[in-house]
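Please treat every number below as a calculation from the coordinates, not as lab data. Here the structure is a predicted model, which means the values were calculated and not measured. Because the Cβ atoms are built from the backbone with ideal geometry, glycine has one as well, and the counts that use them run over all protein chains shown.
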Amino acid sequence: MKIIQATQENLDQLVPLFDGYRVFYKKASNPEAVSEFLSERFKKNDSVIFLALDENEKGVGFTQLYPSFSSVAMQRTYILNDLFVSPEVRGKGVGEAIMNEAKVFAVKVGSRGLTLETDFDNPAQKLYERLGWKKDTKVFHYTWEI
């Protein structure tokens with residue numbers, strides 16, 4: 001397995017994964033819309049995607065980071081917004097490898113760090129904690145949606 005920073009050229013490897021990610025979160029499969037969405041991210045350079053490839057160059061997992069800033073720290077930070085590993089390779093270190101690559105990237109670009117949010121019952125919490133992520137118990141997160 002290898003982890004790469006994905007580009008537009010990796011779209012065919014990413015679309016099935018991203019579509020599977022959305023289906024996991026109870027959204028209807030829509031590979032065409034997924035392709036458009038990811039193409040837009042690449043064109044606008046407004047996210048960083050790391051892609052795990054198996055020995056046959058098949059995509060088996062990804063994470064997508066969105067840049068943000070901490071005004072208090074006056075530093076860039078990244079939101080680890082999406083993480084998905086194909087069901088057939090779960091438990092084989094793919095998620096860990098992708099997350100570690102995201103950490104290396106954050107350090108390399110001088111970021112303050114990475115943040116993520118997850119469902120309270122997401123079993124991946126064990127992975128996050130094993131990799132040194134700290135659960136925030138001091139602040140609340142609110143959302144407003146249209």
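When shorter helices are ignored and each DSSP H run of at least 4 residues is given -39500 (n - 2.57), the per-residue value for the chain at 222 nm works out to -10500 deg cm²/dmol. For region 1-46, averaging the sequence separation of C-alpha pairs within contact (under 8 Å, six or more residues apart) and dividing by the residue count gives a relative contact order of 40 percent. Hey, of (i) 42, 33, 33; (ii) 51, 30, 28; (iii) 46, 28, 26, which did the structure itself give for Cα extents along the principal axes in Å when calculated? After the calculation, the listed value that fits is (i).
Can you give the longest run of the chain that contains no chymotrypsin sites (Phe, Trp or Tyr not before Pro) sitting in a DSSP loop with at most 10 other Cβ atoms inside 10 Å? Longest stretch, sites excluded: 26-119. Sparsely packed loop sites in region 47-146 (the trypsin sites (Lys or Arg not before Pro) outside DSSP H, G, I, E and B with at most 11 other Cβ atoms within 10 Å) comprise 134, 135, 138. Please identify every one of the GluC sites (Glu not before Pro) in region 26-124 that sits in a loop by DSSP and has no more than 16 other beta carbons within 10 Å of its own beta carbon. Answer by residue number: 55, 57, 117.
Across the cross-link table entries 43/92; 27/58; 44/135; 58/135; 43/135; 26/58, which are compared at the Cα atoms, the separations over 28 Å belong to 43/92; 44/135; 58/135; 43/135. For residue 117 and residue 4, the FRET efficiency from 1/(1 + (r/R0)^6), where r spans their Cβ atoms and R0 equals 22 Å, is about 0.30.
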